[in-house]
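Reviewing the structure listed below.
The values are calculated or read from the model by the stated rules, or taken from the named source; none is laboratory data. Computed from a predicted model, the values in this text were never measured in an experiment. Counting neighbours? That spans all protein chains shown, and the Cβs are built from the backbone with ideal geometry, glycine included.
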Amino acid sequence: MIEFMRLRRRAVRPDVQAVLFAGLLALSTAAIGQQFVIGAYHLQQSTRISLTQYDYTYTVDVTNNAMNSQNIVGTVTSTASGTVVRKGTVMFGRVAPGATVTSTDTFIIRQNRTVPFNPASLAWMFPTPAGPTAVNVTVPNIDTTNEPGGSSAYPFGQSSMRYQQVYAASQFATGGLISEISFRPTGALATGSGTPAPFLLTPVTIQVTLSTTGKAPGHLSTTFSQNYGPDHTVVYNGTWNFSTSFAGNAGGPNAADARITLPIPFPYNPSEGNLLVDITVTAGATNLPALDTDESSNGLVSSIYAPSADADVASNSDAGGLVTQFTFGSFAVMTNCAATQNKLGWLIFTNNVSDIQNGGYTALAQQAFDNPCTLIGGSSTATTSPVPATWTSLAVASLDSFQSFRNNMVANMPPNTTATPLVQNYKVVLYDNEYWGGGLQTPLQEKQDPRDYEALFARLAHANGFAFMSAPGTDLVTVVNKGSGPAYTRYLAYGFPEFSAASPADVYDVQAQGSQTGVPGGSVTTPSCETGDNYCDYVSKAVPLANIGLPASQGNPANPGNPATVVITGLSTCPNQTAATATQLYNAVNETLPYVSVYWLNMPENTASSPVPPACTGQFRVTTVSQFLVNLQSQGLLGNP
């Protein structure tokens, strides 16, 4: 059709040319593998500018191949001299995972009719998503929402085993870095089937090797090594703590939350061959729940295995295999918000943003909080995003119990087809487990076992495409470490920073605001804390524990952290029931900048469950915070990092 237009262009009437032009645009495509893929263009208006120039106004479709994204803006440019973009910024609003939406406004191009138009000359750019870019792929694909009916205790439920499974390349629409491998318990064990209690962390010693292979499902060699491709890589070697929440409706499927986070991500390109997973179990756990398997001989997966970790040759084969979820990409958020940045990031709840705006500080609020290094918090039941329209901040849903989060995720599992508000409006979930509240918030069982429940929460979050934020309250030591000394030192001694980060948490908040009173103020250029400054001491010790952990010592095993976790810390306008001044808030930031650059700005108001004194309420909060932000503004610390 392009060639037809080139040969006949002088004979085509303007109205007919507009129709042909629209048809050409409707045929345009985009590269597979991008998060946002441009689809059809819809002609809204054509305006003749001159004998040879026409303006064409279009809306455009976009498909989101990755995570839930809000306030999406695309920019189109042209590489052809005969096609000039007159208006190139297009709003798409919220685009759910897998959804295709039409832009809410238009773009305009001016076309020279004496030259042929090439749709490929339009190039689209989208800002790098501030939120997670991970994509979960279930293989076989048909089992994403289907319970296949098979089950197996292999390989992790055996004391010793060598297990290989091959996955057809056709099951992967695109490639990338595999960062997590996940399995799911059989649907007979789903929450809705009468198995409500989660299966807590249970150690299994494994080695996992990934490889591209020329071997197809049903055609694996019985000699394990002969199935490897030249890129075979050990991606995990050590103790893996198996757990699952049994999050599913009666009959399944369950969420794929028995997850292995790979220290070494594996680059896989399906155009180069099928995918092989080789698992060696040297110390399994025989009490593990059975996992979902697809036993149909569909040519999509197959497996071989032997009842010994040292085996070189398989003794058994299966036409099917484990239903497996592969995660491509990362759940990381705020990746450019390290402590070396010269702008601050925040976590602040949407009602507090509104308080500041309604107090007459709209521009100041936007300068501080409209950036990809800021999380805007809201209720998990809210029907709209807490992030103001056009802002680039991330939406985070706050939940005070794993139990409530699991219930929400079960409500999204088959056979249900309508997503809950949490799934529709958020990209990050926050586990805000606390001791206070008289048991009305976090259940006692979760308070007594924070390590297990943080891992359960994190894995269920990733299984459902959310980034995970951990914020265990310092007051949890009232339950788990009742000894003497300041609460924060007992919190650190118990290992909260390490196991919170390793859960794995994409963001971890040090709730240090309770130690904020009496902050004397420190020096940004001298990363050390003044004597008696518990706030600075708390933060400076928690950050390396979260990111690095502790080595083995004196008979104690190593307690690793997570170097990928973004660590933030809390600030409050009313720490320990005492009204803080703008200067005190500024000093708290000033002395901890060597360690963190993202702060959770708490502006507590008096409520029945969380009372605060009158001195901390009302306009005081807004006045204090606005002056605090002005102080930061004067030092160039507000804005987009």
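Before moving on, here are some points about what is shown:
- Flag if residue 330 is assigned to a loop (DSSP other than H, G, I, E, B) and either of a type in the set (A, V, I, L, M, F, W, C) or modelled with pLDDT of 95 or more (or both): no
- Within the span defined as segment 138-149, one or more residues are among the small types (Gly, Ala, Ser) and over 22 Å from the mean Cα position of the chain (by Cα).
- Residue 104 vs. criteria closer than 26 Å to residue 395 by Cα, among the β-branched types (Val, Ile, Thr) and not in a strand (DSSP E or B): yes
- Count of residues meeting criterion [farther than 16 Å from residue 301 by Cα and either surrounded by fewer than 15 Cβ atoms within 10 Å (Cβ to Cβ) or outside the structural domain of residue 148 (by TED's automatic domain parsing) (or both)] in segment 204-232: 4
Residue by residue, here is whether (1) more than 27 Å from the chain's Cα centre (by Cα); (2) assigned by TED's automatic domain parsing to the domain that holds residue 240; (3) over 28 Å from residue 462 (Cα atoms) holds:
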residue	(1), (2), (3)
280	yes, yes, no
290	yes, yes, no
315	yes, yes, yes
342	no, no, yes
351	no, no, no
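- Residue within segment 139-148 that is surrounded by 20 or more Cβ atoms within 10 Å (Cβ to Cβ) and outside any loop (DSSP other than H, G, I, E, B) present: yes
- Residue check, residue 256 more than 25 Å from residue 557 (Cβ to Cβ), surrounded by 23 or more Cβ atoms within 10 Å (Cβ to Cβ) and either not assigned by TED's automatic domain parsing to the domain that holds residue 292 or not basic (Lys, Arg) (or both): yes
- Of the strands (runs of 3 or more DSSP E) lying entirely inside segment 204-295, those containing at least 2 residues that are touching a residue at least 24 places away in the same chain (Cβ under 8 Å) and polar (S, T, N, Q) span 233-244, 274-283.
- Members of segment 549-587 that are under 20 Å from residue 489 (Cα atoms), in contact with a strand residue (DSSP E or B) (Cβ under 8 Å, 6 or more places away or on another chain) and not in a strand (DSSP E or B): 558, 561
- Qualifying residue in segment 192-203 (condition: surrounded by 15 or more Cβ atoms within 10 Å (Cβ to Cβ), outside any helix (DSSP H, G or I) and in contact with a Gly (Cβ under 9 Å, 6 or more places away or on another chain)): no
- Selection from segment 598-625 of residues that are among the hydroxyl-bearing types (Ser, Thr, Tyr) and modelled with pLDDT under 90: 607, 609, 610, 617
- The residue that is surrounded by the most Cβ atoms within 10 Å (Cβ to Cβ), counting only those in segment 588-623 that are in a loop (DSSP other than H, G, I, E, B) and of a type in the set (A, V, I, L, M), is 596.
- The listed residue being among the aliphatic types (A, V, I, L, M) and either without any contact (Cβ under 8 Å) to a residue 60 or more places away in the chain or surrounded by fewer than 20 Cβ atoms within 10 Å (Cβ to Cβ) (or both), out of 395, 455, 419: 419
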